[in-house]
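The values are calculated or read from the model by the stated rules, or taken from the named source; none is laboratory data. Predicted model, so just to flag it, every value in this text is computed and none were measured. Cβ placement follows ideal geometry from the backbone for every residue including glycine, while neighbour counts extend to all protein chains displayed. Surface accessibility is based on the protein's heavy atoms, side chains included, excluding ligands, DNA and RNA. Shrake-Rupley method; radii C 1.70, N 1.55, O 1.52, S 1.80 Å.
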Amino acid sequence: MKKIISIVTLLLISTILMFSVKSYAVLLDKVDVKLDKEKVKPGENVTVNVNFGESLGSYTGSISYDNKLFEYVSAEGGTANDTTDKVKVVYFDQTGGQAPRNNMSVTFKAKDGLTSSNPTEFTVTLEGMANSDASINFDDITTPIVKTVVVEPEFLPYEIKLNYTGRLIENEVKDMKITYSSSSGRYYENARLVASMITPEGATAQLIGIDQESLKHDILQSGWGDSQGYKIGGKDFAQVLNVQGTFSKAGDYKLILKLIDRENSDAVISEKSFNLIVGTANNQTATTEKPEETKPTIQETPNAQLPQVKEENKTPTKLPKTGINVYIPFGMILLSLAGAFIINNRKNK
């Protein structure tokens, strides 16, 4: 009798335990996580959308994030609790199955002031999931669903400049400056400056830079810096390289400067060409001799008129002879009177 009572008691305990413990035998494999953006700028929002693929009456969704890059903004689909690096959204349909949900979402803001490109991840887990009438419980999703996003500032192009003073003269060493800069430059771990030169026929050129170990490098032959490249980028980034240029003969040269990314198959980051005019020393030297004075010549041109010379208004020193001479008629009168006197005397005799 005691043995029968013990067996019945054991069966009752097993039955109670069977009905009091929930079973998570159903796998919810329709969950889909998407981001509304794959790249965001500082100050912009990104939303993590979680679609369950089923109408759920209860769930707890957790989304972990990098709090150095993002801050929590808002959530939809339940009561949210932000723990500074994880947001938990809890939902329970209190209408008894009349208001199930098939999705939830959480919105984050990329922090202001970020100056570098930062790939990061959102990770999503789910637990406590049940269908709308709680007749089916789903397995917890403890292996995180991972989604990647990039926080990237608005980078500006790198500008390359070449500066020097005076003129370029054949076989004379010219101090020059090569500058590449950006007010908001993208970060590169393996950037490098290379150069090439198009020269006149038979001419050669050199661009010599001296590194920190006092070693000379011809940028036209081997580029500048470590062969694997060096780091560049950031806010108000600028690098100035002092070089010495030498050109073997006068003529037109073309210098091509490139910033390349060694990590990305030498992809060109920025490129600029410069046209250089190299002269001779004779053209550069100014003469100090005074040129000989030459008298102007008048070139005869058909039908050309000589320039009119304007006479000065001067008072003459002698009066000009004008009108009739008065001595001539007076003499003729005297001769006439003398002739009449002679004739009259002859008659009287």
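Number of residues in the range 64-102 that are among the small types (G, A, S) and at negative phi equals 5.
Just name the residue that is nearest to the chain's Cα centre (by Cα) out of those in the range 156-198 that are at pLDDT 95 or above and within 22 Å of K41 (Cβ to Cβ). Selected residue: P157.
When I208 is tested against (1) in a strand (DSSP E or B); (2) within 30 Å of E152 (Cβ to Cβ); (3) touching a Lys or Arg at 6+ places or on another chain (Cβ under 8 Å), just one condition goes unmet, and that condition is (2). For beta carbons closer than 6 Å, sequence separation of 6+ or different chains, a first residue in the range 189-210 that is closer than 18 Å to F274 by Cα and a second that is basic (K, R) and surrounded by 15 or more Cβ atoms within 10 Å (Cβ to Cβ), the qualifying pairs are V194/K258; A203/K249. The set of residues in the range 226-240 being of a type outside the set (F, W, Y) and either surrounded by fewer than 18 Cβ atoms within 10 Å (Cβ to Cβ) or without any contact (Cβ under 8 Å) to a residue 24 or more places away in the chain (or both) consists of D226, S227, Q228, K231, G234, K235, D236, A238, Q239, V240.
Yes/no matrix, rows are residues, columns are (1) in a strand (DSSP E or B); (2) hydroxyl-bearing (S, T, Y); (3) open to solvent by 10 Å² or more (accessible area, probe 1.4 Å); (4) touching a residue at least 60 places away in the same chain (Cβ under 8 Å):
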| site | (1), (2), (3), (4) |
| --- | --- |
| G43 | no, no, yes, yes |
| V46 | yes, no, no, yes |
| F52 | yes, no, no, yes |
| E71 | yes, no, yes, no |
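Can you find a residue that is in contact with a helix residue (DSSP H, G or I) (Cβ under 6 Å, 6 or more places away or on another chain) and closer than 30 Å to E154 by Cα anywhere in the range 229-245? Taking every residue of the range 229-245 in turn, at least one turns out to be in contact with a helix residue (DSSP H, G or I) (Cβ under 6 Å, 6 or more places away or on another chain) and closer than 30 Å to E154 by Cα.
Highlighted here are the strands (runs of 3 or more DSSP E) found entirely within the range 110-176 that include at least 1 residues which are open to solvent by less than 40 Å² (accessible area, probe 1.4 Å) and either among the small types (G, A, S) or closer than 21 Å to N67 by Cβ (or both): 118-131, 141-151.
Of all residues in the range 211-247, those satisfying the criterion of being among the charged types (D, E, K, R) and more than 24 Å from the chain's Cα centre (by Cα) are D211, E213, K216, D218, D226. If only residues of the range 191-220 that are buried (at least 17 other Cβ atoms within 10 Å of the Cβ) and of a type in the set (S, T, N, Q) are counted, the one that is farthest from P119 (Cα to Cα) is T199. Once the range 261-278 is narrowed to residues that are within 17 Å of the chain's Cα centre (by Cα) and under 25 Å from G245 (Cβ atoms), the residue that is surrounded by the most Cβ atoms within 10 Å (Cβ to Cβ) is I269. Just one residue in the set S196, S182 is touching a Phe, Trp or Tyr at 6+ places or on another chain (Cβ under 6 Å) and part of a strand (DSSP E or B); that residue is S182. In this structure, V46 qualifies as under 30 Å from Y188 (Cβ atoms) and either modelled with pLDDT of 95 or more or out of contact with any Lys or Arg (no Cβ under 7 Å at 6 or more places or on another chain) (or both). Scan the range 166-201 for residues that are among the basic types (K, R) and closer than 30 Å to N282 by Cα and the total you get is 3.
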